[in-house]
Amino acid sequence: MRIDVLVAEIGSTTTVINAFNGIGTPCPKFIGQGVAPTSVLQGDVTIGLKGAINDLKSKLKVDELIYGEMLATSSAAGGLRMTVHGLVYDMTVRAAKEAALGAGGIIKMVTAGKLRRTDLKKIKEINPNIILIAGGVDYGERETALYNMEQVVSLNLNVPIIYAGNIENREEVKEICEEADVKLYIVDNVYPKIDVLNIEPTRRVIQDVFEEHIIHAPGMSTVREMVTGPIIPTPGAVMEAAKLLKDDLGDLVIFDVGGATTDVHSVTEGSEEISKILISPEPYAKRTVEGDLGVYVNSMHIVEKIGLEKLKEEFPNAEQLIRNIKPIPENEEEIKFVERLTKEAVLISLERHAGIIRYIYGPTGKKTVAEGKDLTNIKYIIGTGGALTRLPGRIDILKSILEKKKDVELYPGKDAQILIDNDYIFASLGVLSKKYPEDALILMKNSLYKNQ
C-alpha cells in the first residue's frame, strides 16, 4: 500500500505513526494510526518507530507500506531541555520563557540578573540542549547579558546558545562565541521595548536548533535518515496546529492532558476591554506546561490536590485504584477514576494559564487592573492528547470549564464550543502544516467535526 505522508510522534513512552493520503489534493484523508512503546532504553528509537509502522500495517491489513514522505515530532530523551537567562524577571526573562515554552521547550532553569557561581553549577548539572540568553531592551542595559554570555561560554558545555537580547550587544556576543568555538544563533530581541513582546522569531529558531542539534536520543540519527522533512518538538507541533486553526475558526484554547504533564495552548489577543487594563503584555500564542499534572506518572500530585478523603467519597476504594493505576484504564471503575483526575488536571491547568482581574487600592481610590492571559474571547475549547481524545467522558470534562464560577478569573465564557481532536492527530498535523498548511487545516477540521 502506498501512503503519501507518514508522521511519527516519538514520545518518551510511546511512539505513534499517523498515515495520510491525498496530500496536495482538495481531499486529504487520515488513513490510520499505529502505536508501539518507544525504545529509548533499548538503545535505538527506530525499534519503536518500526514497531509502530508494523502496528499500522496490521490495522490496515497490508503486508507492505511504501511512503512518499516521513515527518516527525519528538519528545524522546527528556524532550527539549532549556535554560533561560535574562535581566529582569517580569520583562526579558518572562518574554524569553514564553518563547521557549511556545516552541516546545522544557524549561529546567530560569534566572534574572547576573549568573552566580551556584547558577553555573546548576546549568552544568542540567546539561541543557539549548541555552537562551536575553536581557535589556534595545539600546538599554548591556552589561548583564554580556556577563552571562561570558560565564555560560566558560562552562565548555558544547551546547548551542541563542541570543535574543539588546541589539547593541550583537557584535560582542558574536566575538565571545567565535573565540570559544560555540555555536551561536542571534535573533531579534524578545523584549525590544517596554511592554512589547516579540517572541515569534526566537520560537522559530528554537525549533530549527532542535532539529539541527538535538537529535541525541539513541538511534535518532537513523530516524533522521528515514525522515524526509522536519523534526520538531511535539509540544511545539501542537502550537503550530493551534495557530493555524485559530486563523480559520477564531480564538481557541487547547488542553492536552497526558500521563506526565498537562499542556495548555491558547491563541487569542483577548478582549479590547481587558487589554486596556492589562499591566504587562501577554503573548498572542501562549503555552503553559504543568509538570505536576499527569494522570499516570504524576497521578499522586493530582490526588493530593483533590484530597484523598474527598476522593474516597466518590471512590470508596480510591487507595486501591491509586496503587493499581495503569497507563490505559481497563475497566469502568478505573475509567471513571482517571476521568476524575483528568477533570482536576484541566481545571488546575486552566487556573494557572488564565489571567485574573485585581483591585489595587491607592491614594486616589480603587483601581482595576488585569494580569495574565485573557481567555474571555475564546470561542473554542479543544481537547487533544490521550486522556481527552479517548476517555468516554471527555466532553463533560471540558464542559466543567464552562461551569467554573468566574469572579475575577479571565476564563472562557459559557458560549464557548467544545471540540475534540477525535483522531488524536494534532501534533502530527502541526508538523505537516510546515509544508502542507491547507491539507493540515482540512484534516484538523475533519478530526474535530468527526461524528457530528
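The values are calculated or read from the model by the stated rules, or taken from the named source; none is laboratory data. Remember, it's a predicted structure, so these values are computed and weren't measured experimentally. Using ideal geometry, Cβ is built from the backbone for each residue, glycine included, and neighbour counts are taken over all protein chains shown.
List of remarks:
- Residue list for the stretch 378-412, filter: of a type in the set (Lys, Arg), closer than 16 Å to ALA345 by Cα and in contact (Cβ under 8 Å) with a residue 24 or more places away in the chain: ARG390, ARG394, LYS404
- If you filter the stretch 118-143 down to residues that are farther than 25 Å from LEU80 by Cα and in contact with a strand residue (DSSP E or B) (Cβ under 8 Å, 6 or more places away or on another chain), you find that the one that is surrounded by the most Cβ atoms within 10 Å (Cβ to Cβ) is VAL137.
- Where GLY104 falls short, out of the listed (1) crowded, with 19+ Cβ neighbours inside 10 Å; (2) touching a Leu at 6+ places or on another chain (Cβ under 7 Å); (3) of a type outside the set (Ser, Thr, Tyr); (4) on the phi < 0 side of the Ramachandran plot: (4)
- Matching residues, the stretch 246-277, being part of a loop (DSSP other than H, G, I, E, B), among the polar types (S, T, N, Q), in contact (Cβ under 8 Å) with a residue 40 or more places away in the chain and crowded, with 18+ Cβ neighbours inside 10 Å: THR268
- Some residue of the stretch 299-322 being surrounded by 21 or more Cβ atoms within 10 Å (Cβ to Cβ) and either assigned by TED's automatic domain parsing to the domain that holds PRO37 or not in a helix (DSSP H, G or I) (or both): no
- Test for ASP247: is it in contact with a helix residue (DSSP H, G or I) (Cβ under 6 Å, 6 or more places away or on another chain) and in the same structural domain as ARG394 (by TED's automatic domain parsing): no
- For the stretch 101-134, a residue qualifies if it is assigned to a helix (DSSP H, G or I), farther than 21 Å from ILE231 by Cα and of a type outside the set (Ser, Thr, Tyr), and the qualifying residues are ARG117, ASP119, LEU120, LYS121, LYS122, ILE123, LYS124, GLU125, ILE126.
- Some residue of the stretch 63-76 being surrounded by fewer than 24 Cβ atoms within 10 Å (Cβ to Cβ), outside the structural domain of VAL187 (by TED's automatic domain parsing) and within 24 Å of the chain's Cα centre (by Cα): yes
- Considering (1) surrounded by 17 or more Cβ atoms within 10 Å (Cβ to Cβ); (2) free of Cβ contacts under 8 Å to residues at least 24 places away in the same chain; (3) not charged (D, E, K, R), the lone condition that ILE199 does not fulfil carries the number (2).
- Yes/no for VAL190 being assigned to a loop (DSSP other than H, G, I, E, B), over 20 Å from the mean Cα position of the chain (by Cα) and not charged (D, E, K, R): no
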